[in-house]
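Chemist: Quick one: the structure is below, and I'll ask about it shortly.
FYI, it's all coordinate maths here, none of it is from the lab. This structure is a prediction, so every number in the text was calculated from the model and none was measured. Glycine gets a Cβ as well: all are built from the backbone with ideal geometry, and neighbour counts include every protein chain shown.
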Amino acid sequence: MTANDRAVLDVAEMSPKIAGWSRTFDFLIVVVAAFLVWSVTYIHFLLLAGDWDFFIDWKDRQYWVLITPVVTIMMAAAFQAIFWNLFRLPIGATASLFLFLIGVWIVRYHSWQGMAYFPLSLVVPATCLMGALALDAILVLTRSWLLTGVFGGVLYGLIFFPSNWIYLAPYFQPVEHMGQLSSIADLIGYTFPRSGTPEYIRIIERGTLRTFEDNANWVSAFFSAFVCIFLYIIFWWVGIAACGTKYIPVGSRFKAMFAATATAKGTAA
Amino acid sequence: MSSLFRKLTLTALAGMAGFLSVLPQPAIAHGERATEPYIRTRTIHWYDVTWSTDKLKVNDTVTVQGKFHLLNDWPDAVSKPHLVFLSNASPGAVLTRVESYINDVPAQQSTRNLEIGRDYDFKLVMKGRKPGRWHLHPVLSVHGAGPIVGPGEWVTVDGSEADFKQPVTTLHGIKIDDLQTFGVARVQMWQLGFGLIAAAWLLWWLRRPLIISRWLALQKGREDLLVTRTDDKVAAGMLVLVLLVVIVGYTGTIAEFPQLVPLQGGSLYTPPLPEPRKAVAVKLKRAEYDVPGRSMRLSMEMTNNSDQPLGIGEFTTANLRFVNKNLPAALAAINPTFPRELIPGNGLLVDSRAPLAPGETRLVKLEATDAAWELERLVSFLTNVDSRTGGLIFFYDPKGRRYISEVYGPIIPVFKKTI
């Protein structure tokens, strides 16, 4: 235990015995909270951005680059607000995306490969983990949700594409198949059939984003960064609302003790 | 005692549920009988479908080919075939798709603007991947309507899944040993690296007293103890590390792969097959489904516009083939490998054995009776939103040449014979 930790316990007026019990409580809460963060992030993402992350032949230059960070920053911001507002812990975004990534890989092996027989090359996921780390780090450095939203949101949206391109680029090498140009990603999607997912439902490369030669991905990344600012701010306040106890059916004494202090303090900015 | 028994039972059930949820369970059914009858009888009619083999080894191929006809009485409630995708129905990727064609045009992507009332060829080449006995259907997915499944045959794949390989060579000449595993190690290595950085960040914060102590300290205004100058330095270091990893990794990657292609998202067009001569004009007078008798009866006015006498050989709808056993040409047209369960044993009863003479117009009654109507779930006429039926009638001339006519119209469920 560091001197700083002892100082925190002193301020909290905890005896060594109570501090021990508090630490046990910490472990229990961390496990429960991990499952909560994991499941909420996962369900949220499945509902709003599922297919773009499920399959390699959905990871296009427009929608995948735009939608994935925009969807994931919602829960990242909400959990960041909760952990920061209540405990000054800048881990919400990282925890959300880190646990989500673990969950994604479990499902890829168990369900996609184990139950549907899809090869992992068809279902490799992307991740916004590097953006989440940047978001948490910027919150520590600025102590401000507004500045984190503006600078962190931009960075979060911008670095999604390059951070994932590092390992997904090989899937976009050109091949010839049945006399047509194809990417390896297209070929993988074609080769391993998904009976319920016909080719035409892929929402890829549609729209009018054709004025930057073949750099549509960076245009999408900048637009994603712009949208991320606003969604970060909106979901930060969703997280703050979740810190209160207004809608929790517990006793008035608990509400008076907890809600009065937690919500009145508000945010850090 | 009963309480203990209840607890033990519940615990055992919970344990079993947990165990079963962890075990990967393959999906066997793929919904070929789930689509509503008015869609299966009035949209796409598959015919002349063959499977090159029903037994193959891992890495061997099976070719499914045939034709399909888009019925003119296409239901209003079903989206028109403006955009379709030829695929196969099987329980997951147990067979891989090597090639697929509609009218010899590659069908890797979707095909647009199919014409109602016309016929198309199709061909699917599938490769054995996972050993087992799999039901293999052709499927035409119609945008806005969903998959419309063709007839299915059981195909047995022998051998070891470990032997399966799907090699490919890129346009740059790079040989890829197996598409199944291509690139996965690279993805996992980088994401593991990202995960380790994230885990380090989480541990940096989680190692110290957390929930109650931090909350109490925060209430007392001691934020300075919760986020220190050291934390600031660590956060700054983390930010620099993240940017460094991304910039170095990305620039290295674009140098490694300078020529890449985007996902290919266009659609293809193919004109339908040449329109065959309509030898017989068919007008449905009345159709009924005898619920207790499991029999469809059709009363039709037929006019033979050809110069040959024509016998009624087959009535096909929703992948069922009711064959007139009194017409040798119709029996000869059945491929011996076609799934027997889709050829009802009672066949097709025609009220007269006499062929339609050239130029003759006659009222003809057909009767197709079999439990297959129930087994294939084609009898929900009382609950249909659009209670009509349809199908194809195959006629044969004395030389065994086949002529195809559509038949469609309203159908009435009855409980005693009326025609």
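Chemist: Place the peptides B:208-220, B:104-116 in order of packing, highest mean first, counting for every residue the other Cβ atoms within 10 Å and averaging per peptide.
Modeler: Listed from highest to lowest mean packing, they are B:208-220, B:104-116.
Chemist: Can you work out the FRET efficiency for the pair B:Asn335 and B:Glu374, with r the C-beta to C-beta distance and R0 = 30 Å, to the nearest 0.05?
Modeler: Efficiency, from the Cβ-Cβ distance: 0.75.
Chemist: Given the alpha-carbon gyration tensor of segment B:1-143, what are the semi-axes of its equivalent ellipsoid in whole angstrom, ordered largest first, with each equal to the square root of 5 times an eigenvalue?
Modeler: Three semi-axes, in Å: 40, 22, 12.
Chemist: Here's a follow-up. Checking understanding here: applying a Kyte-Doolittle mean of at least -0.5 and a length along the axis of at least 27 Å (C-alpha), which whole DSSP H helices in chain B pass?
Modeler: Within chain B the helices that satisfy the rule are B:2-22, B:184-206, B:229-256.
Chemist: Something else: For B:Ala107, what residues show an amide H to amide H distance below 5 Å, using hydrogens built from the backbone and excluding near sequence neighbours?
Modeler: B:Ser100, B:Tyr101, B:Ile102
Chemist: So if I average 1/r over every pair of distinct C-alpha atoms in the protein assembly as shown and take the inverse, what Kirkwood radius in Å does that give?
Modeler: Every distinct Cα pair counted, the radius reaches 29.3 Å.
Chemist: At a 10 Å Cβ-Cβ cut-off, how would you order B:His69, A:His44, fewest neighbours first?
Modeler: Ordered by Cβ neighbours within 10 Å, fewest first: A:His44, B:His69.
Chemist: How high is the relative contact order of segment B:37-172, in percent, counting Cα pairs under 8 Å that sit 6 or more residues apart?
Modeler: Contact order relative to length: 31 percent.
Chemist: Going by alpha carbons, how many degrees (0 to 90, nearest 10) lie between the helix axis of A:129-142 and the longest principal axis of chain A?
Modeler: So the helix axis and the longest Cα principal axis differ by about 40 degrees.
Chemist: If the cut-off is 22 Å between C-alpha atoms, which lysines fall inside it for A:Lys246, apart from same-chain ones fewer than 8 positions away?
Modeler: List returned: A:Lys255, A:Lys265.
Chemist: Give me the percent relative contact order of chain A, please, defined on Cα pairs under 8 angstrom at least 6 residues apart.
Modeler: The value is 26 percent.
Chemist: Sticking with this structure for a sec: Could you give each residue of segment A:79-87 its phi-based ³J(HN,Hα) in whole Hz, using Karplus coefficients 6.51, -1.76, 1.60 with θ = phi - 60°, and x for Gly or Pro?
Modeler: Per residue, the Karplus-derived 3J(HN,Hα) values read 6, 4, 4, 5, 5, 6, 5, 8, 10 Hz.
Chemist: From the phi angles alone, apply the Karplus equation (6.51, -1.76, 1.60; θ = phi - 60°) to segment A:228-242 and give each ³J(HN,Hα) in whole Hz, x where the residue is Gly or Pro.
Modeler: Couplings: 4, 4, 6, 5, 4, 5, 4, 7, 4, 6, 5, x, 4, 4, 6 Hz.
Chemist: Just tell me which lysines come within less than 25 Å, Cα to Cα, of B:Lys365; anything on the same chain fewer than 8 places away is out.
Modeler: Here the lysines satisfying the reach criterion relative to B:Lys365 are B:Lys278, B:Lys283, B:Lys285, B:Lys325, B:Lys399, B:Lys416, B:Lys417.
Chemist: Another one. Under a straight-distance cross-link criterion of Cα-Cα below 14 Å, which aspartates and glutamates are reachable from B:Lys220, leaving out those fewer than 8 residues away in the same chain?
Modeler: Within the straight-line limit of under 14 Å, B:Lys220 reaches these aspartates and glutamates: A:Asp10, A:Glu13.
Chemist: Let's test the formula: R0 of 60 Å, r as the Cβ-Cβ distance of B:Asp351 and B:Asn59. What FRET efficiency results, to the nearest 0.05?
Modeler: 0.70
Chemist: Now a separate question. Work through the residues other than B:Val142 whose Cβ is under 13 Å from its Cβ and net out their charges, Lys, Arg +1 and Asp, Glu -1.
Modeler: +3
Chemist: Roughly speaking, what is the stretch gain from A:His110 to A:Val40, that is 0.36 nm per residue apart minus the C-alpha to C-alpha distance, in nm to one decimal?
Modeler: Length difference between fully extended and current span is 23.2 nm.
Chemist: Here is a further query. Please state the equivalent ellipsoid semi-axes for chain B: what are the square roots of 5 times the Cα gyration tensor eigenvalues, largest first, in whole Å?
Modeler: Ellipsoid half-lengths, sorted descending, are 59, 29, 21 Å.
Chemist: Considering amide H positions built from the backbone, and no H for Pro or chain starts, which residues 5 or more places from B:Asn319, or on another chain, come under 5 Å of its amide H?
Modeler: B:Trp46
Chemist: On alpha carbon coordinates alone, what is the Rg over Rh value for segment B:80-216, Rh being the Kirkwood radius?
Modeler: Using Cα coordinates only, the ratio equals 1.22.
Chemist: Would you mind ranking A:Glu199, B:Glu161 so that the residue whose beta carbon has the fewest other beta carbons within 10 Å leads the list?
Modeler: In order of increasing Cβ crowding within 10 Å: B:Glu161, A:Glu199.
Chemist: May I pose another question? Using a Gaussian network model of chain B whose springs link C-alpha atoms within less than 10 Å, name the residue from B:Arg118, B:Arg42, B:Arg362 with the highest mean-square fluctuation.
Modeler: Maximum fluctuation in the GNM of chain B, among the listed residues, is at B:Arg362.
Chemist: Sticking with this one: Please report, in cubic angstrom per residue, the volume enclosed by the convex hull of the alpha-carbon atoms of segment A:180-257.
Modeler: Expressed per residue, the convex hull around the Cα atoms of segment A:180-257 is 205 Å³.
Chemist: For segment B:280-414, with equal point scatterers placed on the C-alpha atoms only and solvent neglected, what are the log10 I(q)/I(0) values from the Debye formula at q = 0.09 1/Å, to two decimals?
Modeler: Relative scattering, expressed as log10 I(q)/I(0), comes to -0.25.
Chemist: What average number of partner chain Cβ atoms lie no more than 10 Å from the Cβ of the residues making up A:20-27?
Modeler: Other-chain Cβ atoms within 10 Å of each residue's Cβ, averaged: 4.
Chemist: In terms of modelled amide H atoms, which long-range or inter-chain residues lie less than 5 Å from the amide H of B:Arg286?
Modeler: Excluding prolines and chain starts, which carry no amide H, the hits are B:Ser299.
Chemist: For segment B:408-419, what does the Karplus curve 6.51 cos²θ - 1.76 cosθ + 1.60, with θ = phi - 60°, yield as ³J(HN,Hα) per residue in whole Hz, taken in order and with x for Gly and Pro?
Modeler: Each residue of segment B:408-419 in turn: 7, x, x, 10, 10, x, 10, 10, 8, 5, 10, 10 Hz.
Chemist: Another question, if that's okay. Using only the Cα atoms of segment A:48-265, construct the convex hull and provide its projected area averaged over every direction, in square nanometres to one decimal.
Modeler: 14.4 nm²
Chemist: OK, next. Roughly what would the spin-label model give for B:Lys67 and B:Ser52, points 7 Å off Cα along C-beta, in nm?
Modeler: So the two model labels end up 2.2 nm from each other.
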